[in-house]
Amino acid sequence: KKVPQGGWYNLQVRSAANSETSIHSKKKWGVGMLVACLGQSNMKEWFYTGTQLKAHPLLRKFTEKGWSQLGKQGNAAIAFGNKIIDRLGIPVGLLDYSKNGSGLRKEADWGTGYWEDTAPGSIYHRFISGVSEAGGAIEFVIWIQGEADAARGTVTEQEYAVSLERFITHQVR
């Protein structure tokens, strides 16, 4: 049975033979929207810069460490998530898999990884694993990246455009 988007739910398990609850979860879970936040430091700063805003109670962040509340840190992430919640009235999970200094292409790897790399342990592989751990399907991807590729002059604008299209078409979708 499909559970509708919105609010927080408690998991309860009942058998067909007995209508009493046999398992009742202590942790609540939301059915809403998952948004992947990918790229490098400018994307990472969405979650760490600014403390003027307060996150909506339905807004959460997911990283390799698991789910957490945003509180008041990270104005861009809070403003973005709060706006979606205000408009749709559903929980929003922002998957923060951005990586400082990461490039899209191998030539732009500053030692922190590059997004086209699909090998086990790569930043892309950790992101894909994180989507599974978060427990849902991504509805949107925000990509803020390109500095690492442009800064050293090792990747042309055309090479970047081709790589970005390939990355979206073959890896993200």
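The values are calculated or read from the model by the stated rules, or taken from the named source; none is laboratory data. Since we're looking at a predicted model, the values are computed, not measured. Neighbour counts are summed over all protein chains in view; Cβ atoms, including those assigned to glycine, are modelled from backbone coordinates with ideal geometry. Quick note on the areas: whole protein, heavy atoms, side chains included, nothing else; ligands and nucleic acids left out. Shrake-Rupley method; radii C 1.70, N 1.55, O 1.52, S 1.80 Å.
Express in nm, to one decimal, how much length is gained between L88 and W8 on full extension, taking 0.36 nm for each residue of separation and deducting their alpha carbon distance. Here the answer is 27.3 nm. For the chain, the fraction of 1.4 Å probe accessible surface lying on carbon and sulfur atoms is 52 percent.
In the chain, a dipole from Cβ-located charges (positive for Lys and Arg, negative for Asp and Glu) runs towards its positive end, and of W143, F47, S68 it is S68 whose Cα lies farthest in that direction. Relative to the longest principal axis of the Cα atoms of the chain, the long axis of helix 75-88 makes an angle of roughly 50 degrees. For log10 I(q)/I(0) by the Debye sum over Cα atoms at q = 0.13, 0.15, 0.19 Å⁻¹, the value computed from the atomic coordinates appears in the list (i) -0.71, -0.88, -1.21; (ii) -0.92, -1.02, -1.18; (iii) -0.81, -0.96, -1.19 under label (i).
Of V92, V13, V131, which has the largest mean-square fluctuation in a 10 Å C-alpha GNM of the chain? Comparing V92, V13, V131 in a Gaussian network model of the chain, the most mobile one is V13. Residues considered: E45, E20, E107. Largest GNM mean-square fluctuation over the chain, using C-alpha springs under 10 Å, is found at E20.
Between 0 and 90 degrees, the angle of helix 157-166 with respect to the longest Cα principal axis of the chain falls at about 30 degrees. Could you please report the charge total around D96, scoring K, R as +1 and D, E as -1 over all other residues with beta-carbon less than 12 angstrom from its beta-carbon? Every neighbour counted, the sum reads +4.
Once the other residues with Cβ under 13 Å from the Cβ of W67 are scored (Lys, Arg +1; Asp, Glu -1), what is the net sum? Here the charged neighbours net out to +2. Across the stretch 1-159, the relative contact order, built from alpha-carbon pairs under 8 Å that are at least six residues apart, equals 24 percent.
Counting charges near W8 (Lys, Arg +1; Asp, Glu -1) among other residues having Cβ under 13 Å from its Cβ returns a value of +4. The residues of the chain have, on average, 60 Å² of accessible surface per residue, using a 1.4 Å probe with all protein chains present.
Rounded, prolate or oblate: which fits the stretch 1-69, taking a ≥ b ≥ c as square roots of the Cα gyration tensor eigenvalues, rounded meaning a/c under 1.5, else prolate when a/b beats b/c? Prolate.
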